[in-house]
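Have a look at the structure below, then the notes.
The values are calculated or read from the model by the stated rules, or taken from the named source; none is laboratory data. Because the structure is predicted, anything quoted here is derived from the model rather than measured. Quick reminder, even Gly has a Cβ in these numbers, built from the backbone with ideal geometry, and neighbours come from all protein chains shown.
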Amino acid sequence: MMKQHLDALKDSKYCPLWHDQDIRPETLPALSADTSCELLIVGGGFTGLWGALQAKERQPDADIILIEKTTISDGASGRNGGFLSSSLAHGETNTDHQFPGEADKLHQLGQQNLKEFIETLEHYNIDARYEKVGETSVATDQASVDALRATYESEKAQGEDVVWFNQEEMQAQVNSPTYLAGLWYRGGQDGVVDPARLCWGLKRVILELGVRIYEETPLTSLKKLGQDKMEVTCSDVKIISDKVLMATNAYRNPIGQARRSIIPVWDYQIATQPLSQEQLDSIGWHKSRHALSNHANMFHYYRFTKDNRITWGGGGAVRYYFNNGIDQSYADIPERFAQLSEEFFETFPQLKGIKFTHRWSGIIATSTRFCVVPGVAYDGRVAWAIGYTGLGVGASRFGARIGIELLGYKPSEILDMQFVKKKPIPWAPEPLRWIGVYLTHKALEKADANGGKRGLWLKLLDMLNLGFTC
């Protein structure tokens with residue numbers, strides 16, 4: 001008899017749940033003739049879309065072109081879990097390590113960014129299915145209980161709106177036998193969105209504002225042209241521009257400095273069929289609709305959708321493949337989805353018999369500082385913002401702001417911050433890169449299995465402030 005977790009997957013469709021919607025817009029035509037513009041944006045994900053919108057808001061007469069290799073929302077921006085967080089630097093520990101003295105400023109900027117994010121949705125009537133549910137971390141071992149409790153005490157002392165759940169209270173919120181406690185960050189505007197609808201909404205808005213968008217238009221080369229122009233080749237056509245914003249994130253960037261600052265990491269997700277009323281009642285989650293993750297190094301992230309499905313991703317299924325492997329042979333690997341399914345039923349055994357309708361995967365970009373890496377080249381004519389490391393839904397708007405300010409669109413004092421100016425440690429060349437990531441992956445899994453106890457390898461990384469303590 002087929003195991004439950006495999007049987008649940010056998011009829012699933014390989015397609016992001018978010019893409020499988022009737023409202024998906026038509027693909028726009030590719031660029032077919034040479035052209036020019038003031039600002040060229042390369043990449044049709046969150047950073048590119050937010051960059052175009054913010055540039056237009058700051059300079060309405062700016063002549064902007066956005067090109068996308070495939071279609072808007074096809075990359076990480078349309079394949080993620082849709083978790084909307086105000087964090088810009090991936091947690092307080094990482095912030096203190098990477099940008100000493102800037103924690104308060106980054107916290108304030110993160111709150112401001114998310115406030116403006118939500119206001120933008122309202123102003124332009126973008127239905128991204130935003131739900132203000134906060135962020136909830138659950139403990140599944142005693143070490144996590146202790147760590148979360150310490151965090152709660154610290155946050156409460158600082159006046160943050162946080163709620164502590166003991167075992168009984170957490171299981172009343174979401175009924176999983178694995179839960180021992182929980183910490184709900186109730187304040188602020190953190191929550192969840194439908195990431196594809198967000199992309200499509202931004203696409204509509206910038207088209208209405210006069211941005212020219214060309215889909216299925218891959219960049220093949222980037223070079224300097226004269227003293228003040230850039231020339232981009234897309235197959236057999238050329239674009240001459242004054243400025244370029246590279247919003248490629250995990251995909252290949254033609255600028256070596258940017259390319260060496262990130263690696264592509266594959267993330268895998270699954271989504272259930274809509275839960276019946278009986279299934280909803282068995283876990284009780286539909287009453288609070290918490291956005292959940294477990295307190296662990298290799299953590300899972302999971303949430304409810306508007307039609308009461310559960311999306312489930314992360315954990316040990318996350319992978320880096322040798323030599324920045326991004327081809328489609330890594331996309332639909334049965335073992336990755338089987339692992340996710342098995343871990344899902346360990347968390348919710350009462351959902352025995354439920355089926356997964358969708359499975360999908362894609363690459364995210366990770367930097368050695370574990371948050372966005374901005375940069376500028378060609379005498380200020382080309383800028384980039386890449387490497388969000390799993391927290392890009394909200395932070396990409398701020399990354400886009402940095403990118404356009406580096407290009408001269410109403411620059412502000414944020415350009416003087418370490419967060420912008422500090423160069424990240426470049427990733428080691430292969431095979432050292434793969435060996436280092438592999439050893440770290442195994443060490444993190446071992447630490448999770450040992451109640452959070454960190455071995456020598458992780459302690460070394462902690463000493464080097466490489467972000468694995470965030």
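Brief remarks on what is shown
- Close Cβ contacts (under 6 Å, 6 or more residues apart or on different chains) running from residues in segment 235-248 that are in a loop (DSSP other than H, G, I, E, B) to residues that are polar (S, T, N, Q) and modelled with pLDDT of 95 or more comprise 247/47.
- Residue selected from segment 382-403 under the condition of a type in the set (Gly, Ala, Ser) and assigned to a strand (DSSP E or B), by the criterion farthest from residue 231 (Cα to Cα): 385
- Residue in segment 75-82 that is under 30 Å from residue 221 (Cα atoms) and of a type outside the set (Gly, Ala, Ser) present: yes
- When 313, 256, 284, 325 are screened for being among the small types (Gly, Ala, Ser) and under 16 Å from the mean Cα position of the chain (by Cα), only 313 passes.
- Screening segment 370-389 for residues that are small (Gly, Ala, Ser) and crowded, with 24+ Cβ neighbours inside 10 Å and picking the one that is nearest to residue 116 (Cα to Cα) gives 385.
For every residue, the table says whether it meets (1) touching a helix residue (DSSP H, G or I) at 6+ places or on another chain (Cβ under 7 Å); (2) under 21 Å from residue 43 (Cα atoms); (3) surrounded by fewer than 23 Cβ atoms within 10 Å (Cβ to Cβ); (4) among the charged types (D, E, K, R).
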| residue | (1), (2), (3), (4) |
| --- | --- |
| 247 | yes, yes, no, no |
| 261 | no, yes, no, no |
| 282 | yes, no, yes, no |
| 288 | yes, no, yes, no |
| 302 | no, no, no, no |
| 307 | no, no, yes, yes |
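- Of the residues making up segment 404-418, those that are buried (at least 16 other Cβ atoms within 10 Å of the Cβ) and outside any loop (DSSP other than H, G, I, E, B) are 404, 405, 406, 414.
- Failed condition for residue 163, given (1) part of a strand (DSSP E or B); (2) in contact (Cβ under 8 Å) with a residue 24 or more places away in the chain: (2)
This table checks each residue for (1) at positive phi; (2) out of contact with any Lys or Arg (no Cβ under 9 Å at 6 or more places or on another chain); (3) assigned to a helix (DSSP H, G or I).
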{"position": "33", "(1), (2), (3)": "no, yes, no"}
{"position": "44", "(1), (2), (3)": "no, no, no"}
{"position": "50", "(1), (2), (3)": "no, no, yes"}
{"position": "65", "(1), (2), (3)": "no, no, no"}
{"position": "70", "(1), (2), (3)": "no, yes, no"}
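- Search result, residues across segment 72-128 that are within 18 Å of the chain's Cα centre (by Cα) and on the phi > 0 side of the Ramachandran plot: 73, 82, 90, 91
- Filter result (under 22 Å from residue 177 (Cβ atoms) and over 20 Å from the mean Cα position of the chain (by Cα)) within segment 292-308: 308
- Restricting segment 319-345 to residues that are in contact with a strand residue (DSSP E or B) (Cβ under 9 Å, 6 or more places away or on another chain) and closer than 20 Å to residue 252 by Cα leaves a set whose member that is surrounded by the fewest Cβ atoms within 10 Å (Cβ to Cβ) is 325.
- Taking (1) of a type in the set (S, T, N, Q); (2) within 21 Å of residue 51 (Cα to Cα); (3) without any contact (Cβ under 8 Å) to a residue 40 or more places away in the chain in turn, residue 389 satisfies each apart from (3).
- Residue match in segment 312-322 (condition: modelled with pLDDT of 95 or more, over 24 Å from residue 438 (Cα atoms) and among the hydrophobic types (A, V, I, L, M, F, W, C)): no
- Residue identified as at pLDDT 95 or above and touching a helix residue (DSSP H, G or I) at 6+ places or on another chain (Cβ under 9 Å) among 445, 405: 405
- Matching residues in segment 35-87 - criterion: being polar (S, T, N, Q) and either over 30 Å from residue 137 (Cα atoms) or without any contact (Cβ under 8 Å) to a residue 12 or more places away in the chain (or both): 35, 36, 54, 59, 70, 71
- Selected residue [touching a residue at least 24 places away in the same chain (Cβ under 8 Å), within 26 Å of the chain's Cα centre (by Cα) and outside any helix (DSSP H, G or I)] from 148, 202, 219, 198: 219
- Qualifying residue in segment 429-452 (condition: on the phi > 0 side of the Ramachandran plot, not assigned by TED's automatic domain parsing to the domain that holds residue 250 and not in a helix (DSSP H, G or I)): yes
- Among (1) surrounded by fewer than 20 Cβ atoms within 10 Å (Cβ to Cβ); (2) within 18 Å of residue 46 (Cα to Cα); (3) not basic (Lys, Arg), the one test that residue 192 misses: (1)
- Some residue of segment 355-365 being touching a residue at least 24 places away in the same chain (Cβ under 8 Å), surrounded by fewer than 19 Cβ atoms within 10 Å (Cβ to Cβ) and part of a loop (DSSP other than H, G, I, E, B): yes
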